[in-house]
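To keep things clear, I will list the structure first and then write my remarks on it.
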Ligand SMILES: [Fe+2]
Ligand SMILES: [Fe+2]
């Protein structure tokens, strides 16, 4: 048995505790409190990304406030914060976040699983034409392809993990709730199934109601997060959705 108080053992324990505490402190705080880093590499480029995106959305009826430029601005902000915490490369994360939805495909379309690959190709063409550093482009292309829930492409880099997590965070919390209801309305879905609003005795079917979408996708998102900071923020935002369901249940007479 190791003698009690062996210096190296004590040092090791102290380091581990401190490291764990530091990691915990970094991730339990709401993401809004995280630093938004500046990148010399991407400064000057962000205006060009936004102008390109605005052009892509100009004639696209599906670019409403649930999936338009405001969604992308929020994803860029969260992606920068996650990149800072996760030490991911901003010259890949920032363009990938700005361009991740530069091709929009309606959720009900059979082409939906291809949307992120179409966006990745369009973004790559734009970046090459614009003279963006070529060594970054494969990483940006992969991060855009892998961001999508429906494509099911595993993110293979830290940068792709950050972009995927940032996009998923926007489906949770107060913004996620509003977006879910807006999309449900646009697709002609019910708010809830009047016979079984909370899917007690049936399989959730989000082609039927917006509340079903909580069960088919939204509440599963924390379990799909790739980064520790993303997961703790997703859990916080999913708890808000749970509390909304609790309130809704009481307003519907405890159904
Ligand atoms: Fe997307
Ligand atoms: Fe998105």
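Filter segment 32-81 down to residues that are over 18 Å from the mean Cα position of the chain (by Cα), free of Cβ contacts under 8 Å to residues at least 24 places away in the same chain and within 16 Å of ligand 2 (Cβ to nearest atom), then give me how many there are.
1
In the set 212, 195, which member is over 30 Å from residue 92 (Cα atoms) and in a loop (DSSP other than H, G, I, E, B)?
One residue alone meets the criteria, 195.
Looking at segment 172-185, is at least one residue surrounded by fewer than 16 Cβ atoms within 10 Å (Cβ to Cβ) and within 16 Å of ligand 1 (Cβ to nearest atom)? Before the answer, list the steps.
Just the residues of segment 172-185 that are surrounded by fewer than 16 Cβ atoms within 10 Å (Cβ to Cβ), to begin with: 174, 178, 182, 185.
The next check asks that each one be within 16 Å of ligand 1 (Cβ to nearest atom); those that pass are 182.
Taking every residue of segment 172-185 in turn, at least one turns out to be surrounded by fewer than 16 Cβ atoms within 10 Å (Cβ to Cβ) and within 16 Å of ligand 1 (Cβ to nearest atom).
Take residue 119 and decide whether it is in a loop (DSSP other than H, G, I, E, B) and within 20 Å of residue 217 (Cβ to Cβ).
Here the answer is no, as residue 119 does not meet what is asked.
Considering only segment 130-140, I want to know if a residue exists there that is within 16 Å of ligand 2 (Cβ to nearest atom) and touching a helix residue (DSSP H, G or I) at 6+ places or on another chain (Cβ under 6 Å). Before you say what the answer is, go through the steps one by one.
In the first step, residues of segment 130-140 are kept if they are within 16 Å of ligand 2 (Cβ to nearest atom); the result is 140.
Restricting the remaining residues to those that are touching a helix residue (DSSP H, G or I) at 6+ places or on another chain (Cβ under 6 Å) gives 140.
Yes.
If you take the residues in segment 91-113 that are free of Cβ contacts under 8 Å to residues at least 40 places away in the same chain and assigned to a helix (DSSP H, G or I), which one is farthest from ligand 2 (Cβ to nearest atom)?
My answer is 113.
Do you know which residues across segment 150-181 are away from ligand 2 (no atom under 14 Å from the Cβ), over 13 Å from the mean Cα position of the chain (by Cα) and part of a helix (DSSP H, G or I)?
Selection gives 158, 174, 177, 178, 181.
Which of the residues that make up segment 134-149 are part of a helix (DSSP H, G or I), within 12 Å of ligand 1 (Cβ to nearest atom) and either over 10 Å from residue 163 (Cα atoms) or not assigned by TED's automatic domain parsing to the domain that holds residue 100 (or both)? Full working, then the answer.
Filtering segment 134-149 for residues part of a helix (DSSP H, G or I) gives 134-146.
Now restrict to residues that are within 12 Å of ligand 1 (Cβ to nearest atom): 143-146.
The answer is 145, and nothing else.
Could we say that residue 221 is outside the structural domain of residue 71 (by TED's automatic domain parsing), in a helix (DSSP H, G or I), surrounded by 16 or more Cβ atoms within 10 Å (Cβ to Cβ) and under 16 Å from the mean Cα position of the chain (by Cα) here?
yes
Can you name every residue in segment 146-159 that is crowded, with 24+ Cβ neighbours inside 10 Å and within 17 Å of residue 113 (Cα to Cα)?
Listed by number, the residues that qualify are 146, 147.
In this structure, is residue 129 outside any helix (DSSP H, G or I) and surrounded by fewer than 16 Cβ atoms within 10 Å (Cβ to Cβ)?
It is false that residue 129 is outside any helix (DSSP H, G or I) and surrounded by fewer than 16 Cβ atoms within 10 Å (Cβ to Cβ).
The values are calculated or read from the model by the stated rules, or taken from the named source; none is laboratory data. Values in this document were obtained by computation on a predicted structure and should not be read as measured data. Cβ: placed from backbone, ideal geometry, glycine included. Neighbour counts: every protein chain shown.
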